[in-house]
Amino acid sequence: MADLTLYDHRASICSQMARLALVEKGLPHTRRSVDIMETNEQFEPWYVALNPKAVVPTLKIGADEIVTDTKRIVRRIDEFEGPDLSGDETAQDWLDRIMSLHYGVLLYRKRLDPDGTAPQVVARGNLLRELATERPDLKDLIAARLDGNARFQKILKDPALMAPFVDEANDLLAQMSGALADQAFLAGPRYSVADCFATAALARFTIHGFAEEWAGRPLEGYYARMKARPSFVAAEVVDTGTEADL
Ligand SMILES: N[C@@H](CCC(=O)N[C@@H](CS)C(=O)NCC(=O)O)C(=O)O
């Protein structure tokens, strides 16, 4: 069996999804933490060589197979021997839907100054501008990040722009509750990659204060069951702490 190395970050939601897949699959692996918060290690040349988008996670298999993008990573993990995590035909849709939410908006809307700015998002923009001068080799990547950061700041300043993101999150929770009304797992009768994604997303929603939205609904029992699985602790899923930890 090839050596597996996951380049990840403890609190990153995508990293948690990949870790859950590795643990549920029962695959021994090494983790190499990439500091995406303080030292911005994701922009270091050695990491950009592995992951040209400069995001975590990245899975390295053996000496030279590199897999990026969380959806591709969990699918690749599922190709190894172990329990089949593929789920039914709805599994891919769940991955897409869970991944399409803007978790940053959900997080920072709770951390706004009275004038509607999120200091961390502004600081991020400043840091990206500095990085743009230091790293001309990453010009296009940083320009795209800066565009995203400017859009993000605009959304956070305007409750009308922010509302659809919150509605989308609530819609997703309602859809999950609907699916779980008559089956134990999100994409069928067995645990699948959709549950890896859902568990990490619900953990993040818990920190964002959404748990009251699912009290008394099938999601409540589902999340309790996911939390009771040994993988929740083994994969270091984060659902406590303050938003400042993320
Ligand atoms: N589409 C990518 C998204 C990964 C992503 O956005 N990762 C975040 C953490 S959850 C990240 O590395 N952010 C670092 C940054 O924005 O500089 C995937 O699915 O792997």
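Residues are listed down the side, and each one gets a yes or a no for (1) within 16 Å of G87 (Cβ to Cβ); (2) touching a strand residue (DSSP E or B) at 6+ places or on another chain (Cβ under 7 Å); (3) of a type in the set (D, E):
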position: L128; (1), (2), (3): no, no, no
position: E134; (1), (2), (3): no, no, yes
position: K139; (1), (2), (3): no, no, no
position: E168; (1), (2), (3): no, no, yes
position: L172; (1), (2), (3): no, no, no
position: L180; (1), (2), (3): yes, no, no
position: F185; (1), (2), (3): yes, no, no
position: Y191; (1), (2), (3): yes, yes, no
Of the numbered conditions (1) within 12 Å of the ligand (Cβ to nearest atom); (2) within 30 Å of A228 (Cα to Cα), I61 fails exactly one; give the number of that condition.
-> (1)
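One line per residue, one yes/no per condition, for (1) of a type in the set (D, E, K, R); (2) in contact with a helix residue (DSSP H, G or I) (Cβ under 6 Å, 6 or more places away or on another chain); (3) under 30 Å from E168 (Cα atoms):
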| site | (1), (2), (3) |
| --- | --- |
| S33 | no, no, no |
| N51 | no, no, yes |
| A54 | no, yes, yes |
| T58 | no, yes, yes |
| E81 | yes, no, no |
| G87 | no, yes, yes |
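Working carefully through the options G188, G241, find the one that is over 26 Å from E79 (Cα atoms) and over 16 Å from the mean Cα position of the chain (by Cα).
Values: G188 fails: over 26 Å from E79 (Cα atoms).
Just a single option satisfies the conditions, and that option is G241.
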Spans of helices (runs of 4 or more DSSP H) in segment 87-204 with at least 2 residues charged (D, E, K, R) | 91-100, 119-134, 139-157, 159-180
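Look through segment 57-86, keep the residues that are among the charged types (D, E, K, R) and assigned to a strand (DSSP E or B), and return whichever of them is surrounded by the most Cβ atoms within 10 Å (Cβ to Cβ).
First pass over segment 57-86, keeping only residues among the charged types (D, E, K, R): 60, 64-65, 69, 71-72, 75-76, 78-79, 81, 84.
Checking which are assigned to a strand (DSSP E or B) leaves us with 60, 65.
Details: K60: 19, E65: 11.
Looking at residues that are among the charged types (D, E, K, R) and assigned to a strand (DSSP E or B), I get K60.
We did not get these values from a lab; they are worked out from the coordinates using the rules stated. Quantities reported herein were computed from a predicted structural model and do not represent experimental measurements. Note that each Cβ is placed from the backbone with ideal geometry, even for glycine, and that neighbours are counted across all protein chains shown.
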